[in-house]
Amino acid sequence: DEAIEDLWPCSGFPVSRFAGNIDEAAQLFERYGRFMWDTSSQVWADIYGNAMVVEKSFRKIRVRRMQGNTIWTTDGQYQTAEMSAYLWTKRREYVEKAGKGLHADDLQYAADCEVRFCSIGELCHRPWGRGYEHMRRILTHHGPFPRAVCRHGYGDPGGDPYDTAVTMQSRFVDLTHNRAFVRAWAPWKKFACEAPETMIQYPSIPQGKY
């Protein structure tokens, strides 16, 4: 990867402390992107109705802004062309160095995640209306593997060997009313879709710039 600059401690940086809105947060991520030692896709929103997805893979950062009134992503999935190309290049380098073929088994999990990601996108655009029930239908979707959004980790000896993951938590956030709805897996007792839903009400959104 690229040389590391002496900019900020590599363990991360306090975004919410120094950014008062999405534009300022995006500037911080793009400036100190080489110090995000992780891979993920994060959704950030401010109290002014702006939002963005931060796609990061160790020292690479891409920011995707909201188009229309919708923004969504899933952990570890990338939509910007630059980030997708970067990840693809790194995976090919690993496969070649490890002496494995392009279709090696260790890449199957990544392929399954891509299918699940596309499934979520398709579910988001189904004519189910908009609102809480729409989000609940998506998060409790149990289609065939690997399309299922809610995973139960069946691990069927006669089924797909990669169908072993369990959804630990599902949540969606109502930014208009500043509240979140959460369901969590109770180990070996209830899957997330079977657990009671908890509503978390956050403090009222302050008026004006804080």
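For the range 174-196, how many residues are open to solvent by less than 80 Å² (accessible area, probe 1.4 Å) and in contact (Cβ under 8 Å) with a residue 40 or more places away in the chain? Walk me through it before giving the result.
Step one: list which residues in the range 174-196 are open to solvent by less than 80 Å² (accessible area, probe 1.4 Å), which gives 174, 178-187, 191-193, 195.
From what's left, in contact (Cβ under 8 Å) with a residue 40 or more places away in the chain: 174, 181, 183, 191-193.
Result for the range 174-196: 6.
For the range 192-207, the candidate set comprises residues that are of a type in the set (Ser, Thr, Tyr) and within 30 Å of Cys150 (Cβ to Cβ); within that set, the residue that is modelled with the highest pLDDT is Thr198.
Of the residues making up the range 86-100, just one is open to solvent by 70 Å² or more (accessible area, probe 1.4 Å), touching a Leu at 6+ places or on another chain (Cβ under 8 Å) and at pLDDT below 75, namely Arg91.
Quick check: is even one residue across the range 64-76 of a type in the set (A, V, I, L, M, F, W, C) and either surrounded by 17 or more Cβ atoms within 10 Å (Cβ to Cβ) or at pLDDT 80 or above (or both)? Don't jump to the end; show me each part of the working.
In the first step, residues of the range 64-76 are kept if they are of a type in the set (A, V, I, L, M, F, W, C); the result is 66, 71-72.
When the remaining residues are screened for being either surrounded by 17 or more Cβ atoms within 10 Å (Cβ to Cβ) or at pLDDT 80 or above (or both), the result is 66.
The answer is yes; a qualifying residue exists.
State whether one or more residues within the range 165-172 are over 30 Å from Asp46 (Cα atoms) and modelled with pLDDT of 80 or more. Within the range 165-172, one or more residues are over 30 Å from Asp46 (Cα atoms) and modelled with pLDDT of 80 or more. The sole residue among His142, His103 that is outside any helix (DSSP H, G or I), modelled with pLDDT of 75 or more and out of contact with any helix residue (DSSP H, G or I) (no Cβ under 8 Å at 6 or more places or on another chain) is His142.
Considering the conditions (1) at pLDDT 75 or above; (2) within 30 Å of Ile47 (Cβ to Cβ), Tyr210 is excluded by exactly one of them, (1).
The values are calculated or read from the model by the stated rules, or taken from the named source; none is laboratory data. From a predicted model like this one, the values you see are computed outputs, not experimental measurements. Here Cβ is always computed from backbone atoms with ideal geometry, including for glycine, and neighbour counts include all displayed protein chains. Just so you know, the surface numbers come from the protein's heavy atoms only, side chains and all, with ligands and any DNA or RNA stripped out. Shrake-Rupley method; radii C 1.70, N 1.55, O 1.52, S 1.80 Å.
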